[in-house]
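The values are calculated or read from the model by the stated rules, or taken from the named source; none is laboratory data. Since the model is a prediction, treat every value here as computed from it, not as a measurement. A quick note on method: Cβ atoms are made from the backbone with ideal geometry, for glycine too, and the neighbour counts reach across all protein chains shown. SASA here: full protein model, heavy atoms, side chains in, ligands and nucleic acids out. Shrake-Rupley method; radii C 1.70, N 1.55, O 1.52, S 1.80 Å.
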Amino acid sequence: MNRSTKIAVGVAAVVVVAGGVYFATNSGSSSDKKFTVAMITDAPGNIDDHSFNQSAWEGLQAWGKENGVKKGVDGYNYFLSKTKADFTNNFDQAVAAKFDYIAGIGFDLQEATQKAAKANPKTEFALVDSVADSKYKNIQSLMFNSEQSSYLAGVAAAEKAEEVGDTKIGFLGGVKSETVGRFEYGFRLGVASVNKSLKVESVYANSFGDAAKGQLIANTFIAEGIHVIYHAAGGTGNGAFTAVKQHDQTLKSGSADKVYMIGVDVDQSSDGAYKTKDGKSDNFTLTSALKNVGKALQASANSAKDGKFKGGKATFYGLKQGGVGIVKKNLDAKTLKAVNKAQKALENGSITLKYTTQYSK
């Protein structure tokens, strides 16, 4: 082999080795890239809202722990929406940060989610609590059979109302919509299953973030002699808890005038803790109708990560799937028995609920 041939072979070897190193380096970095998830909060943004946003964030944190990733652009994160005007900008930021899966938390984000999906067809999106147009094949809608958990809440409410001799029960809604309509529909049927003569008085605040209005509505219920109030109103419902606490704190332990709240989305037992007038610890949260947004978000993110993204479709989560439920720890034996019986009937199909947008307008 002459000198020039040896040089050519040497150069070729270097190129091959270098190319091998380059390929190995790049292929390694590609395979090491973690699947990333972001959520855009509903407005007014508060990650500790004892409601929707908090439930979603807790689920996303659980997803991060399960998948060995941390908060940040290389793992998971949230974008806080102080007002609805922040939705589009937050989606733009999440896309720019190259998150693989981006979830809009709440039906108010439908328009912004669809806009982001149209502009970014290669990014996968989730829309919680509303059904996106099926033409958007990069959006999976995450829906909940809230009418089922609300039915159980209605059973518990009716049992308590009968116990204290009431003829009316209060329902506080946030904004009229198909989503909140599910709550009222199921609740009314649950109440009627115990006592058809019990009236459910329904009042909407036209807001999910007006605690002062929630407090005013609850005080009106209390003034009417209502002792059980169920809210499906997000942050507005927190005002109702304030009103009930202020009322119950003026009563001695065991008073027949005690008012009870039924929470929503997350376990609101901690919000019902208070001291009676005679200094005893008590709790006025009768139960909470759970919407496990976090579990749904966690499950859907895992499906997307595993290449099983269900774009263009709506996935419903009910009692059987663990998507909805009810808190039972504060229920007495009689009420617990009635709730368990109703839950079994819902799960085995003995009781069927057919929500077709009732109470949505």
Would you call ALA299 within 20 Å of the chain's Cα centre (by Cα) and more than 25 Å from ALA157 (Cβ to Cβ)? yes
Residues of the range 201-213 classified as in contact with a Phe, Trp or Tyr (Cβ under 8 Å, 6 or more places away or on another chain) and either in contact (Cβ under 8 Å) with a residue 40 or more places away in the chain or closer than 20 Å to VAL128 by Cα (or both), total: 1
Which pairs have Cβ atoms under 6 Å, sit 6 or more apart or on different chains, and link a residue in the range 254-277 that is within 22 Å of GLU224 (Cβ to Cβ) to one that is part of a loop (DSSP other than H, G, I, E, B) and open to solvent by less than 20 Å² (accessible area, probe 1.4 Å)? TYR260/PHE284; MET261/PHE284; GLY272/PHE284
State the number of residues belonging to the range 151-179 that are modelled with pLDDT of 95 or more and part of a helix (DSSP H, G or I). 14
Do the conditions hold for PHE187, that is, is it of a type in the set (Phe, Trp, Tyr) and assigned to a helix (DSSP H, G or I)? yes
Looking at GLU147, is it open to solvent by 50 Å² or more (accessible area, probe 1.4 Å) and either in a helix (DSSP H, G or I) or in contact with a strand residue (DSSP E or B) (Cβ under 8 Å, 6 or more places away or on another chain) (or both)? no
Residues (among the β-branched types (Val, Ile, Thr) and part of a strand (DSSP E or B)) located in the range 296-347: THR315, VAL324, ILE326
For ASP282, are the conditions met, namely being at negative phi, open to solvent by 60 Å² or more (accessible area, probe 1.4 Å) and in contact (Cβ under 8 Å) with a residue 24 or more places away in the chain? no
Which one of these is open to solvent by 10 Å² or more (accessible area, probe 1.4 Å), farther than 29 Å from LYS341 by Cα and among the aliphatic types (A, V, I, L, M): LEU251, LEU290, LEU319? LEU251
Among what's in the range 256-279 and is touching a Ser or Thr at 6+ places or on another chain (Cβ under 8 Å) and farther than 30 Å from VAL180 by Cα, pick the residue that is most open to solvent (accessible area, probe 1.4 Å). LYS277
How many of the residues making up the range 159-197 are under 16 Å from VAL259 (Cβ atoms) and open to solvent by less than 40 Å² (accessible area, probe 1.4 Å)? 8
